[in-house]
Amino acid sequence: MLQSSILILAARPEVRSRVMGLLAVAIGAGQLGGMLHVGLLADWLGAAAAVQLMAVEGLMALAATVLLWPEMRRATDLAPGAAQADD
């Protein structure tokens with residue numbers, strides 16, 4: 001629910017439906033890829049190690065996002081009405 005709220009607040013009104021559609025696709029594709037990935041890791045390394053490795057991968061993806069898109073750190077840009085103020 002939080003990720004949907006953040007996306008709705010951050011997106012311009014004219015592209016909100018596209019953003020929500022992309023979120024739905026990403027969630028669906030992530031489930032398939034994530035389950036296959038963690039399943040293979042659990043088979044090779046054991047369940048505990050697979051979960052730990054997935055957590056490390058998630059933190060690395062978060063760090064890469066912060067480094068590549070520093071504007072994502074500015075929560076004030078996501079305030080209601082902020083997208084309309086730029087127009």
Subject >> Number of positions in region 48-65 that are surrounded by 12 or more Cβ atoms within 10 Å (Cβ to Cβ) and of a type in the set (A, V, I, L, M) >> reply: 5
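Matching residues to (1) under 23 Å from LEU2 (Cα atoms); (2) at pLDDT below 85:
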{"residue": "SER17", "(1), (2)": "yes, no"}
{"residue": "GLY21", "(1), (2)": "yes, no"}
{"residue": "ILE27", "(1), (2)": "yes, yes"}
{"residue": "GLY30", "(1), (2)": "yes, yes"}
{"residue": "GLY34", "(1), (2)": "yes, yes"}
{"residue": "ALA42", "(1), (2)": "no, no"}
{"residue": "ALA49", "(1), (2)": "no, no"}
{"residue": "MET54", "(1), (2)": "yes, no"}
Original post:
For region 1-58, how many residues are outside any helix (DSSP H, G or I) and without any contact (Cβ under 8 Å) to a residue 60 or more places away in the chain?
Top reply: 2
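The values are calculated or read from the model by the stated rules, or taken from the named source; none is laboratory data. On a predicted model such as this, the values are computed, not experimentally measured, just so you know. In this analysis, Cβ positions are derived from the backbone assuming ideal geometry, glycine residues included, and neighbour counts consider all displayed protein chains.
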